[in-house]
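J.: Here it is, the structure in full.
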Amino acid sequence: MDAEDASADVYFSWGVFEHFEEGLGPCIREAFRVLKPGGHLYITVPFDNLRMATKAALSRVGRVSEPDLERRFYQWRLTRAELAAELSREGFEVLQVKPLHKRQGVLRSLHHEFGMSYEWFLTKALSAVIAPVVPGGVFAHMLMATARRPLESDAQDARPIG
């Protein structure tokens with residue numbers, strides 16, 4: 001990024017970091033470098049929710065493994081704990097990790113698992129009715145994390161004594 005060290009108060013990434021095949025680490029390190037001490041990072045990534053984890057596990061059952069299927073990398077999908085660990089590992093203080101976009105997740109489930117078109121009125125109506133009552137951990141489409149680059153005094157206070 002063409003920015004000086006510790007030059008930004010806020011760094012916002014909406015659905016970008018997960019598209020780097022080498023992982024989120026380099027992007028998170030760059031955000032840390034650019035943020036001033038006390039600066040905030042807001043990041044969203046695809047959520048590896050219960051629906052997606054179950055779907056992935058079921059797709060592997062009974063499948064004959066085929067070596068080196070030509071697959072292209074598209075994105076990482078993370079759990080809440082994985083996103084928090086990625087941010088912490090790079091020095092951020094994690095303030096919050098929460099699921100969001102439940103309605104979009106329900107809409108995608110109706111489309112992918114039940115073959116309902118995104119454009120159908122019934123699909124849109126069902127997603128509007130179902131989303132408010134289902135847990136985010138099952139259907140939320142994205143995770144949003146808020147993290148803070150520690151103040152220099154925070155880092156000094158955290159140093160071992162002796």
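The values are calculated or read from the model by the stated rules, or taken from the named source; none is laboratory data. Here the structure is a predicted model, which means the values were calculated and not measured. Glycine gets a Cβ as well: all are built from the backbone with ideal geometry, and neighbour counts include every protein chain shown.
J.: What is the residue count in region 24-45 for residues that are within 13 Å of V10 (Cα to Cα) and either at pLDDT below 95 or assigned to a strand (DSSP E or B) (or both)?
T.: So the count comes out to 9.
J.: Of everything in region 75-101, what is loosely packed, with under 14 Cβ neighbours inside 10 Å, under 24 Å from A131 (Cα atoms) and among the charged types (D, E, K, R)? Give them in sequence order.
T.: The one that is loosely packed, with under 14 Cβ neighbours inside 10 Å, under 24 Å from A131 (Cα atoms) and among the charged types (D, E, K, R): K98.
J.: Let me ask you something else. Would you mind finding the one in H111, H141 that is at pLDDT below 95, closer than 25 Å to V45 by Cβ and crowded, with 17+ Cβ neighbours inside 10 Å?
T.: The conditions single out H141.
J.: Out of contact with any Leu (no Cβ under 6 Å at 6 or more places or on another chain), outside any loop (DSSP other than H, G, I, E, B) and of a type outside the set (D, E, K, R): is that true of L87 in this structure?
T.: Yes: the conditions hold for L87.
J.: Does E152 satisfy the condition of being acidic (D, E), modelled with pLDDT of 95 or more and out of contact with any helix residue (DSSP H, G or I) (no Cβ under 6 Å at 6 or more places or on another chain)?
T.: Criteria not met by E152.
J.: Here is a follow-up. For region 46-74, give me each residue that is modelled with pLDDT of 80 or more and either in contact with a Cys (Cβ under 9 Å, 6 or more places away or on another chain) or outside any helix (DSSP H, G or I) (or both).
T.: P46, F47, D48, N49
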